[in-house]
Amino acid sequence: MNSAPPSHRRRTALPPRSLAGGTRHPWLAVMATALGTTLAMHWVPEDPQPQLALFAPAFALAAGLLMAPLWAAIRDPKSLLCGEHLLTLAPIYWLLLDLLQGAYELDGVTQREARLSFLCIGLFVASVWAASLFRPIAIPGVVRSAGRLEARPGVLFGLALCAFAAGMFKFAQPCGFNPLTMIHYLGENRWGAPWTRGFAGGWDAFRDVLQYFGYLLPTMFVLLGRKAGWFSGQTLTVAVLAAIQVLFLAQEGGRRTVGVACGMAIIFWLLTERRLGLRGMLVAGVAAVGLLALMEMMLNYRNVGFQALVRTEFQSAEEGGPRAEVVVRVDDNFLRLAQSIHIVPNLHEHTHYKYFLYVLVRPIPRVFWPGKPTDPGFDLPEALGLPGVSLSSSIVGELWVAGGFWAVAFGGLLYGLVARSAGRLLSGDMKVGELIIYCTTMMALFAGFRSMLDLVLISYVILAWIALAWLYQFFGGGAAALRRTSTRPARVTP
C-alpha cells in the first residue's frame, strides 16, 4: 500500500527520458580551450607570486573552458550534466578558483612554471574533448545489470535502510555500537575519533569500504521524493538517515567525501526534472551554496571538532588560519602543480609506470600485500622539505610527474573516454540504477580531478550499488528482470 499522501501519488515515476549529454560541441571546446590557454600563457606577468597576479590569466583560461558548456546550455540546460562539461568545469574549481580569488601567494613560482601550468591544464581539457573521436568503452555486464534495477518505493526504502546500516558500520563498530559514544566522538577533531584509520591500513580497511554505501543515501532521498512524494514517511525517514550519514562523513574532515555524496543527489535532482527550468535551477543552486557553506565549516572545524561550535572563543582551525579573505577555499593545487613542474624532471626523474601501478593496486588490502607501493615514486612534501604533510597538485600535477606532456594528454583521453562511455547510461528510457550509476561516475570524475586515487576510491560507490542490486535479486524481487537486462547489448550514443 502506498503510504504517500494523495497529493503525491501521481508522482510515482521518474521522467522517461533525459536530455543530459545530448548537446556537445567538441570542436568549439577544443578551439576555445586553445585560445584561452594561449591568452593565459601570454598574460602571465614576470612576477606571478603576489596575490591576484594571475587573475587575468586564470580568467582567460576559465572563459575559454566555459565557452562550449555555456553554448550548449543555451539550447539545453541539462547538457551541463554531460561528463565532458563537468570535466571542463573541474579545473576551474580545483585549480583556477583560488587564483581568481587571490587566495594565496605563489611563493617561489617563476613565470615559466606558471605558463607551463596553464599549458598543462589546457592540454588535459583538450584531450578530454579529443576522446569524443574514439569509440566509447564497453560497459561491463555487471554494471549494466545493476543499472537496470527499477523497484517500488517500498523496496527502495528497504535498500536505503541496508545502505545506512552498512555505511554506519565503520563508525558504530569501533564505538561498540553505542549511540551515545558515537554522538560524543562526532564532536571530536578529525583525528580524535576511534574510527580514524592510519595510512598503512589493516583489517579495518574492509570496514572502511562499507562507508561507501552511505554515499548513496542523499541520492536515494531524492529518488524516494520523486517516487513516493517529498512528505511521505519513507522519504522523510531517508532524509534523516542521509543527514546522519553526512554528519559522520563531515567529522572525518574530508570535504570531497561530503561533496561527492551531496553532489550526486544534486545531479540526480537535475537529471530527473521533467523540464529543467528556473525552479529546478534555483533549488539546485541553493543546495550547491549550502554544500559549499558546509564544506567551509568543515575546513574551519575539522582540526578542533564540531564541539567548538558551542565555545565562546574560537579561531580558525586550519594551520595558520585563512591567508586571504576568500569566498571558497579549495587547495593549493595550482601552487603545487607549479612546484611539481619545477622539480620534475629538473631535480627528480619522471616516475613513469610507478604512478599508474600505485593507483591500480590501491584497492588491494595491505593485509594481502604488505609490500604494496605506498607512494607513486615521488613524494612532493618530502621534496619540498615538508615530510608528513598532505599536499595535492591535482590530476594534472600527478600526470606531469608521471610522464610530462604525454602523460597529461593520456590522462585527459582516459578521463574523457570514461565520461563519454558513461553517456551510454543516458540513452533511451532510463532506470533508477542507470541514473544512480551515472551520477556516481560524474562525481567520481569531478572529484577525481583532484587525484586519480579519488576516482578509484569513489568508484566504490558503484560497487555498493551493485551489491544492493544483488541483494534485491537474491531475495527474488528483481531476479528475472536483472537476468534479462544483463544480457542486453549496451546502447551507444551517437
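The values are calculated or read from the model by the stated rules, or taken from the named source; none is laboratory data. Treat the numbers as computed from the prediction; the structure is a model and nothing was measured. Every residue, glycine among them, receives a Cβ derived from its backbone with ideal geometry; neighbour counts consider all protein chains shown.
Quick check: anything in the range 283-302 in contact with a Gly (Cβ under 7 Å, 6 or more places away or on another chain), farther than 20 Å from M220 by Cβ and of a type outside the set (D, E, K, R)? Scanning the range 283-302 turns up at least one residue that is in contact with a Gly (Cβ under 7 Å, 6 or more places away or on another chain), farther than 20 Å from M220 by Cβ and of a type outside the set (D, E, K, R).
Sort out which residues of the range 128-142 are part of a helix (DSSP H, G or I) and either free of Cβ contacts under 8 Å to residues at least 40 places away in the same chain or surrounded by fewer than 21 Cβ atoms within 10 Å (Cβ to Cβ) (or both), and write them in order of number.
Those that are part of a helix (DSSP H, G or I) and either free of Cβ contacts under 8 Å to residues at least 40 places away in the same chain or surrounded by fewer than 21 Cβ atoms within 10 Å (Cβ to Cβ) (or both): A130, S132, L133, G141, V142.
For K227, the criteria (1) at pLDDT 90 or above; (2) touching a Pro at 6+ places or on another chain (Cβ under 7 Å); (3) surrounded by fewer than 17 Cβ atoms within 10 Å (Cβ to Cβ) hold in every case but one, which is (3). In the range 372-411, of all residues being touching a residue at least 24 places away in the same chain (Cβ under 8 Å) and farther than 19 Å from L119 by Cα, the one that is surrounded by the fewest Cβ atoms within 10 Å (Cβ to Cβ) corresponds to T374. Just wondering, is there one or more residues in the range 307-316 that are over 16 Å from G187 (Cβ atoms), charged (D, E, K, R) and part of a helix (DSSP H, G or I)? The answer is no, given that none of the residues of the range 307-316 is over 16 Å from G187 (Cβ atoms), charged (D, E, K, R) and part of a helix (DSSP H, G or I).
Restricted to the range 340-377, and to residues that are aliphatic (A, V, I, L, M) and assigned to a loop (DSSP other than H, G, I, E, B), which residue is nearest to F405 (Cα to Cα)? Selected residue: V344.
Quick check, is L52 assigned by TED's automatic domain parsing to the domain that holds G411 and farther than 30 Å from M430 by Cα? Yes.
A single member of L149, L180, L186, L116 is over 25 Å from the mean Cα position of the chain (by Cα) and either surrounded by 17 or more Cβ atoms within 10 Å (Cβ to Cβ) or of a type in the set (S, T, Y) (or both), and it is L116. All conditions but one from (1) part of a helix (DSSP H, G or I); (2) under 21 Å from L455 (Cβ atoms) apply to G253; the one that does not is (1). Would you please name the residue that is surrounded by the most Cβ atoms within 10 Å (Cβ to Cβ), looking only at residues in the range 285-327 that are at pLDDT 75 or above and out of contact with any helix residue (DSSP H, G or I) (no Cβ under 9 Å at 6 or more places or on another chain)? Result: V304. Applying the condition of being farther than 16 Å from S394 by Cα and hydrophobic (A, V, I, L, M, F, W, C) to the range 344-365 and asking which residue is farthest from the chain's Cα centre (by Cα) yields L347.
Taking the conditions (1) surrounded by 20 or more Cβ atoms within 10 Å (Cβ to Cβ); (2) modelled with pLDDT under 90 in turn, L87 satisfies each one other than (2). Among all positions in the range 213-235, there is no residue which is more than 12 Å from L156 (Cβ to Cβ), assigned to a helix (DSSP H, G or I) and free of Cβ contacts under 8 Å to residues at least 40 places away in the same chain. Of everything in the range 194-224 that is under 19 Å from the mean Cα position of the chain (by Cα) and surrounded by fewer than 23 Cβ atoms within 10 Å (Cβ to Cβ), the residue that is modelled with the lowest pLDDT is D208.
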